[in-house]
Amino acid sequence: MPKQVIIFIAPPGAGKGTQADLIAEKFSFVHVETSKLGEAKIKDEELVKRDPETAEAKRNFESGKLFPSPWTMKLVMERVNKLAAEGRSAVFSGSPRTLYEAKRELPEFEKLYGRDNIKIFYITLSEKESIKRNSNRRICEKNRHPIPNFPEYRNLTTCPQDGSPLITRELDKPEVIKERYKVFKTETEPVLDYFKNNDYEIITIDGEQPIKKVFEDILEHFKK
């Protein structure tokens, strides 16, 4: 299999992080999670104090807004250039999130991986289901693996992947999730039109389905 870039575009709670983890595990890709890259930076208190861009990113994060696009893009391209140099494939669950990022990242992805090796998935989810899934959802303390707010995961106390304790976040409240969904509609959805206008196929997947069925639908497109 040639080295590839897989991009998941989806509203909050659609499971893009979970699906990216599954793809990474199955095909030995590297899951590049921009929120994780960014959160590592904003948790560095000294960096926040001395760097205005990181301080702004932290304020955005705490209010449910996206990280500033120029700041995010720098983090992404630093990581992707390293992976491409190592000959490794990347799967994205949070980039590009804005037109600013898409217009600058896509040409670089094409140079590094080749246009034919870029695959784009759009996982759909309603606002109602997004709020339901994200409100009081949990993540693992060590690696932030998401644990969806589904009945089958209700009794879990540790992460199935790394065994670390499960925690809830102050950010996963209905009012914040609603704002994040609104931001997705206004800032991220236009990215899909940009891809279409550049003759990329958008593979649409129904995110209202169980995780296993979503993954099966995604895998069908790898077989092709």
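The values are calculated or read from the model by the stated rules, or taken from the named source; none is laboratory data. Source: prediction; values computed, not measured. A quick note on method: Cβ atoms are made from the backbone with ideal geometry, for glycine too, and the neighbour counts reach across all protein chains shown. Ligands, DNA and RNA are stripped out before the accessible areas are found, and what is left, the full protein with its side chains, is counted by its heavy atoms. Shrake-Rupley method; radii C 1.70, N 1.55, O 1.52, S 1.80 Å.
Only protein heavy atoms count here; on that basis, with a 1.4 Å probe, R104 has an accessible area of about 100 Å². Here the Karplus relation 6.51 cos²θ - 1.76 cosθ + 1.60, evaluated at θ = phi - 60°, turns the backbone of segment 37-46 into coupling constants of 4, x, 5, 4, 6, 6, 7, 7, 4, 5 Hz, with x for every Gly and Pro.
Once fully extended, how much extra length lies between N197 and N155, figured as 0.36 nm per residue of separation less the alpha-carbon to alpha-carbon distance?
Values: separation 42, 0.36 × 42 = 15.12 nm, distance 4.53 nm.
Going from the current span to full extension adds 10.6 nm.
Over segment 23-66, accessible surface divided per residue gives 59 Å², non-protein components excluded, 1.4 Å probe.
Short to long, the 5 Å bins of the Cα pair-distance histogram for segment 1-78 hold 3, 13, 22, 22, 17, 12, 8, 3, 1 percent of all pairs.
Using only C-alpha positions, report the orientation-averaged shadow area of the convex hull of segment 1-136, nm², one decimal. Orientation-averaged projected area of the Cα hull: 8.9 nm².
Computed in the context of the full set of protein chains, the accessible area of the chain at 1.4 Å probe radius has 48% of its extent on carbon or sulfur. When only alpha carbons of segment 50-202 are considered, Rg and Dmax amount to 17.1, 46 Å. Using a probe of 1.4 Å, the accessible surface attributed to K212 totals some 150 Å² when neighbouring protein chains are kept in position.
Per residue, the accessible area of segment 72-215 comes to 53 Å², computed with a 1.4 Å probe over protein heavy atoms only.
Within the shell defined by Cβ-Cβ distances under 11 Å, the residues around P70 carry a net charge of -1, with Lys and Arg each +1 and Asp and Glu each -1.
Please name whichever of G114, P148, S135 sits farthest to the positive end of the charge dipole of segment 97-161, dipole taken about the Cα centre and charges placed at Cβ: Lys and Arg +1, Asp and Glu -1. In segment 97-161, that residue is S135. For the residue pairs K128/K182; K26/K212; K119/K142, the alpha carbons lie more than 18 Å apart in K119/K142. Summed over qualifying helices (DSSP H, 4 residues or more, each -39500 (n - 2.57)) and divided by its residue number, the chain shows a 222 nm mean residue ellipticity of -15000 deg cm²/dmol.
The value obtained for segment 69-123, namely the Cα convex hull volume divided by the number of residues, is 78 Å³ per residue. To the nearest 10, the accessible area of V191 is 0 Å² with a 1.4 Å probe. Residues K119, K74, K142, sorted by accessible area with the largest first, give K142, K74, K119 [1.4 Å probe; ligands and nucleic acids excluded].
Can you tell me the equivalent ellipsoid semi-axes for segment 116-224? Use √(5λ) from the Cα gyration tensor, largest first, whole Å. Let's see the in-between values first.
Numbers: eigenvalues 152, 73, 32 Å².
Semi-axes, largest first: 28, 19, 13 Å.
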